[in-house]
1. Using the Cβ atoms and a cut-off under 11 Å, what net charge is assigned to the surroundings of residue 50, where Lys and Arg are +1 and Asp and Glu are -1?
2. Once you have a ≥ b ≥ c as the square roots of the Cα gyration tensor eigenvalues for region 15-110, tell me rounded if a/c is under 1.5, and otherwise prolate or oblate according to whether a/b is larger than b/c.
3. Quick query: amide H of residue 185 versus all other amide H atoms, modeled in the peptide plane; which residues come in under 5 Å with a sequence gap of 5 or more or a different chain?
4. Given Cβ point charges of +1 (Lys, Arg) and -1 (Asp, Glu) and nothing else, what value in debye, to the nearest 20, does the dipole of the chain about its Cα centre take?
5. How far apart, in nm, are the 7 Å Cα→Cβ label points at residue 147 and residue 238?
6. Just to be sure I understand, if you calculate mean projected area of the Cα convex hull in nm² for this structure, which of [x] 19.1; [y] 18.2; [z] 15.9 do you get?
7. Sort region 243-313 into rounded, prolate or oblate with this rule: let a ≥ b ≥ c be the square roots of the eigenvalues of the Cα gyration tensor; rounded if a/c is under 1.5, and if a/c is not under 1.5, prolate when a/b is larger than b/c, oblate otherwise.
8. Quick check: residue separation of residue 345 and residue 16 times 0.36 nm, minus the Cα distance between them. What number comes out in nm?
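The values are calculated or read from the model by the stated rules, or taken from the named source; none is laboratory data. Because the structure is predicted, anything quoted here is derived from the model rather than measured. Cβ: placed from backbone, ideal geometry, glycine included. Neighbour counts: every protein chain shown. When the accessible area is computed, the model is the full protein with side chains, heavy atoms only, and any ligands, DNA or RNA have been set aside. Shrake-Rupley method; radii C 1.70, N 1.55, O 1.52, S 1.80 Å.
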Amino acid sequence: MLTGFFNWMWYGQTLSGRLLSWLFWPLSLLFAFISKRRRNQYWNGEAAAYHAPLPVIVVGNISVGGTGKSPVTIWLIEQLQQRGFKPGVVSRGYGGNAANYPHCVSETDDASVVGDEPLMIHLRSGVPVVVDPNRTQAVKALLAEANVDVVISDDGLQHYPLSRTFELAVVDGQRGVGNGNLLPMGPLREPVQRLEQVDAVVVNSAGSQSQTLVNRLQELQPHCFTMQIQPGALIPFNAQSDQILKDNELVEGVASVAGIGNPERFFQTLDQLGIKHQPKAFDDHHDYSELDLEGLENQFIVTTEKDAVKLRRFSHLKGAYLPISAQIQDGLIDVIIDRLNQFTAHHQHRY
């Protein structure tokens, strides 16, 4: 309920929402002061950031909630691998609670231990993933445990203790930057002007309606690229679910379940695919329980890949998840590779 209230206030177009947001203005000023001071401590050299011996690419955003970072991270992994790189990933592991950190993610891990997004990235790509709230420790563990030559920091744009070679910010093309204000008055972790300082921006586009946003962001950041999400074929939870899909029995009783930052985007994708469904949305990173699934035992569930890594422990469920892939405008990977080559040349010159 609280999430719905803030989304209405941040992204709605009502006068009442705009007026109500001003009640949070003093807290927004405090947040701006604290976050700017912390950022400047590392940018001005007052606090020491860790400089890894390998290039670090940060994939993040300036707003809370889902913008499409995980598909971008997976796209980046695949693009780098195609060019002969050996990437590894570090993450905070949001939503997880490992007994010890840093923790190297394995396919037998539970999302409650390592977080849903790190587990999904590892299962999808097979690359080494290390989680730790302290990303410096995560990078050191990754370098010690795996054979990698480039590090991707998932959702690490505001983690300034870790120095970075390339910053890639992802913006939701549907919701944009909301009312443009900082938390809690608006959805932003950092001001929109922060996009001037990153190396590239990816707009998770919703088509022509996002073109105004793209034009605006291009004024801030010339390296602005659009992204389209391409859904794949449904992947069944188990053999029983596979048989239901093969028999094409998805005429009635399909429940769509999504616990992501913007569940409406997932539901709209199902609509576009012609899948009749009854939507059920949960908060981002929701940790499912038996109580959440009451009434769904006799239905076929269609969910996101991120939710599937949490729902897989409920072996009695019948359902499938919809994998998605990012299709990013040409040119971005060339900009990234050029920066990686600069990093390599600089370090070879030094040593």
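1. Values: positive: 135, 140, 164; negative: none.
Charge balance near residue 50 sits at +3.
2. Values: a/c = 1.93, a/b = 1.58, b/c = 1.22.
Taking the square roots of the gyration eigenvalues as a ≥ b ≥ c, region 15-110 is prolate.
3. HN-HN under 5 Å from residue 185: 28.
4. Values: 28 positive and 36 negative charges, 218 e Å.
Its charge dipole is roughly 1040 debye.
5. Computed distance between label sites residue 147 and residue 238 equals 3.8 nm.
6. So the structure-derived entry is [x].
7. Values: a/c = 1.82, a/b = 1.23, b/c = 1.49.
Oblate, because a/c is 1.5 or more while a/b does not exceed b/c.
8. Details: separation 329, 0.36 × 329 = 118.44 nm, distance 5.50 nm.
Extending this stretch completely gives an extra 112.9 nm.
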